[in-house]
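Novice: Below is one structure. I have some questions about it.
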Amino acid sequence: MKKVIFSLLLAMLLLPSYRMSALNLPVKNVNGKQVYYYTFVKGDKLSKVAEKIGVTVAQLKEYNPQVNDVPVAGTVVTFPVTYDAFVKDGYYVTRYKVKPRESVYDVRKLFDIPMTDLMTFNPEARKGIDGLTLLIPLCKAPADAKEKSQEPAPVVKQQRPVPDGCYPYLVKPGETVESIAADNGLSVAVIKKLNPDTDFNRLTVGEMIFLPNIQSLEPSEDKIKKVTVSAPVAPAVVEDKNPVAPAVVEEKEPVAPAVTEVEEPVTVSDMVLSPLPSADKQQLTIAVMLPFMLDETSMSRNGKLYTEFYRGFLMGVEQMSHSGTPLNIVAFDTQDSLEIVSGLLDRPELADVNLFIGPDNQEQLALIASRARQNDNSYLLNIFSVKDNSYLANPSVIQANIPHPAMYRKAVSSFMERYPDRIPVFISRIGGSGEKIEFVDSLKQALTKAGREYKEINFKNFLGRDNLEDLNPDSLSYVFVPGSGSRQEFNKFAPAIKNLRNSAIDHGNVVLYGYPEYIMFRGDNLDMLHSLNTTIYSRYLSVPELNVVQKGAAKYKEMYGEEMEEAVPMQALIGYDTAIFLITSLRNNDGRFSESSMDYDGLQMGYSLEEVPGGGLVNENLYLIEYRPGGKFSKVRL
């Protein structure tokens, strides 16, 4: 059976929608080497052909210097081939031998394939990939392609061997040796030394170079401190005088509170906040791995964000440390460095961690997730990256934020139940941001399926009385649904809706259903939300006026001697809620999570974990926050 050849270089360059193109090109021998080739036809443009087959115009010209900017019909161009491939399950597949200490994320990134595809062809990789030879689905094969009865042996034809302690890196568009060094925390001299034959003045997209294996690098000891105490202590481990500005995890336009510079960097220590474990009582270990950025001369905003979360987390730990399974809390400054994260994971004190809490950096999360999966009885809580979906394939990952599809599904279902008799009115400014179109479309589909009437109003500049003249709030009741949740757009439609509400005999016939961004509104905008009898859906119960939030704020001041930052969501309370939930759940289930303990309603954040088939756990908790006239609030947990 004729062997099918695939180019590694092209594999790295092609977008998913283009992957099939290069493999459909014919292959021939040129000077003893296998190459793809393409023959220009009348009307072909250089840029379009390059785009079609997944290379840049510069690469096309580099491989084929005879090609002019206006190609002549019949001109043949060629592309190098470096990988053998075979057909399996309708895909062109190659085999790849995993290198020592290489993670599944490294492999997925190297071949630019979805994690789900990688796991489909390699189900054994869910338990770790050390020492495996993986099947890499490169792209779909033509319908008439025949599968091989016997898979060929692994073939990796690289331009030169990978140096010891290194890994291959493919140059991306616009990158230079300086930018690659900066992005990977390396020096230009180190990269050039590892790649003596590379012309760094003429780097091309997709060119392979070698970088030192970051997992072999150790962080400096002064970044990692561990203090063991023999009795519970108040976690006053942060020395700065300014609280951290809470992180805003919602999708658009977060409100960044004013950040006051501090004279000294924050100091974070690791502590055991309980008696040391006895011989007959196993301790529970949680590792907090966040970029506190201790080496900065003045504390950055991100450093403050993570520090306040850790402060709040320790509030919860202190509360839970007086009874039950002993707690071992270790916290490390990752310095926002993949190198440091890798080095930390090799430390012996992290060998038996029950749960890691990781930062929002995708690569660092992937590395920690891979380690959690390799360990028995270990989890990674992802609470800072909303869009990360590694929980879909990794049973050790917990996604703490309800994903957008589930959030919209719950919000739509709630809308349909809460407003069965109201007429929905969708309002959208022409040329406006309209960033909530996904939710709006989902709601419209649900209304259409239920046979319910709704209205649509498009307006220019500001919503005016003339845009609302067809509405009769004296005889019908309406719920307005804007296409945006930003403050800028809100101010362009809210006054008109308020006037319509005030003109109605029954003010209750006009209400507003809003979006997560509204939890950041304060001042006049907050008053407007109350006057419009607004209901919003949100991951967080971010209402500073609620009694439970005020109690949490008072506890924070008692322990740290200062107020929490006035912003939303309050990062310290997220930390507190997370600590209470995690410790309770893990204690009750011998270091694991079970269905009976995966529900928690906190001061600001709730947990309602659901198991993902073939994956980990995902939090599906969602709140409705009701802004009622007179400055009153109430909440509903969906």
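The values are calculated or read from the model by the stated rules, or taken from the named source; none is laboratory data. All values derive from a computational prediction rather than experimental measurement. Virtual Cβ from ideal backbone geometry, glycine too; neighbours counted across all protein chains shown.
Novice: Given the conditions (1) within 30 Å of Met289 (Cβ to Cβ); (2) surrounded by fewer than 18 Cβ atoms within 10 Å (Cβ to Cβ); (3) modelled with pLDDT of 90 or more, which single one is not true for Val353?
Specialist: Of everything listed in (1) within 30 Å of Met289 (Cβ to Cβ); (2) surrounded by fewer than 18 Cβ atoms within 10 Å (Cβ to Cβ); (3) modelled with pLDDT of 90 or more, Val353 misses just condition (2).
Novice: Sticking with this structure for a sec: Go through segment 286-314 residue by residue and tally those that are part of a strand (DSSP E or B) and more than 17 Å from Gln571 (Cα to Cα).
Specialist: 2
Novice: Tell me, yes or no, whether segment 456-466 has at least one residue that is in contact with a Lys or Arg (Cβ under 9 Å, 6 or more places away or on another chain), buried (at least 16 other Cβ atoms within 10 Å of the Cβ) and either closer than 18 Å to Ser531 by Cβ or without any contact (Cβ under 8 Å) to a residue 12 or more places away in the chain (or both).
Specialist: Yes, that holds for at least one residue.
Novice: Within segment 363-394, count every residue that is more than 22 Å from Phe581 (Cβ to Cβ), at pLDDT 90 or above and polar (S, T, N, Q).
Specialist: 2
Novice: Among (1) among the polar types (S, T, N, Q); (2) under 18 Å from Leu529 (Cβ atoms); (3) within 37 Å of the chain's Cα centre (by Cα), which single condition is Asn502 missing?
Specialist: With respect to (1) among the polar types (S, T, N, Q); (2) under 18 Å from Leu529 (Cβ atoms); (3) within 37 Å of the chain's Cα centre (by Cα), Asn502 is out only on (3).
Novice: Can I ask one more? Right, Arg592: of a type in the set (Lys, Arg) and modelled with pLDDT under 90 or not?
Specialist: Yes: the conditions hold for Arg592.
Novice: Mind listing whichever residues of segment 285-315 are buried (at least 24 other Cβ atoms within 10 Å of the Cβ) and of a type in the set (S, T, N, Q)?
Specialist: Thr307
Novice: Within the set of pairs 6+ apart or on separate chains, which have a first residue in segment 432-454 that is of a type in the set (Val, Ile, Thr), a second that is in a loop (DSSP other than H, G, I, E, B), and C-beta atoms under 6 Å apart?
Specialist: Every condition considered, the pairs that remain are Val440/Gly483.
For every residue, the table says whether it meets (1) assigned by TED's automatic domain parsing to the domain that holds Leu305; (2) of a type in the set (A, V, I, L, M); (3) more than 17 Å from the chain's Cα centre (by Cα); (4) surrounded by fewer than 20 Cβ atoms within 10 Å (Cβ to Cβ).
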position	(1), (2), (3), (4)
Val330	yes, yes, yes, no
Thr334	yes, no, yes, no
Ser342	yes, no, yes, no
Pro359	yes, no, no, no
Leu367	yes, yes, no, no
Ala372	yes, yes, yes, no
Asn382	yes, no, no, no
Tyr391	yes, no, no, no
Ser414	no, no, yes, yes
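Novice: Identify the single condition in (1) out of contact with any Ser or Thr (no Cβ under 6 Å at 6 or more places or on another chain); (2) part of a helix (DSSP H, G or I) that Thr535 does not satisfy, given that it satisfies every other one.
Specialist: Only one criterion is unmet by Thr535, namely (2).
Novice: Any idea which residue in segment 417-431 is nearest to Tyr537 (Cα to Cα), counting only those that are in contact (Cβ under 8 Å) with a residue 24 or more places away in the chain and not in a loop (DSSP other than H, G, I, E, B)?
Specialist: Looking at the filtered set, the residue picked out is Arg418.
Novice: Which one is nearest to Leu203 (Cα to Cα), of the residues in segment 69-88 that are at pLDDT 70 or above and out of contact with any helix residue (DSSP H, G or I) (no Cβ under 8 Å at 6 or more places or on another chain)?
Specialist: Among those residues, the one meeting the criterion is Val76.
Novice: Can I ask one more? Just a yes or no: is a residue in segment 543-559 surrounded by 21 or more Cβ atoms within 10 Å (Cβ to Cβ) and in contact with a Ser or Thr (Cβ under 6 Å, 6 or more places away or on another chain)?
Specialist: No, the conditions are met nowhere in segment 543-559.
Novice: Could you look through segment 469-493, keep only residues that are crowded, with 23+ Cβ neighbours inside 10 Å and either of a type in the set (A, V, I, L, M) or assigned to a strand (DSSP E or B) (or both), and pick out the one that is farthest from the chain's Cα centre (by Cα)?
Specialist: Ranking the qualifying residues of segment 469-493, first place goes to Tyr478.
Novice: Does Arg587 satisfy the criteria of being under 25 Å from the mean Cα position of the chain (by Cα) and basic (Lys, Arg)?
Specialist: In short, no.
Novice: Can you tell me which of (1) modelled with pLDDT under 95; (2) within 33 Å of the chain's Cα centre (by Cα) is the one Leu447 doesn't meet?
Specialist: (1)
Novice: Could you grab me the full set of residues in segment 88-120 that are hydrophobic (A, V, I, L, M, F, W, C) and farther than 20 Å from Gln374 by Cβ?
Specialist: Val93, Phe111, Ile113, listed by residue number.
Novice: When you scan segment 334-358, how many residues do you find that are in contact (Cβ under 8 Å) with a residue 60 or more places away in the chain and under 20 Å from Ala182 (Cα atoms)?
Specialist: Qualifying residue count for the region: 7.
Novice: Would you call Asn525 in contact (Cβ under 8 Å) with a residue 24 or more places away in the chain and out of contact with any Leu (no Cβ under 7 Å at 6 or more places or on another chain)?
Specialist: Answer is yes for this residue.
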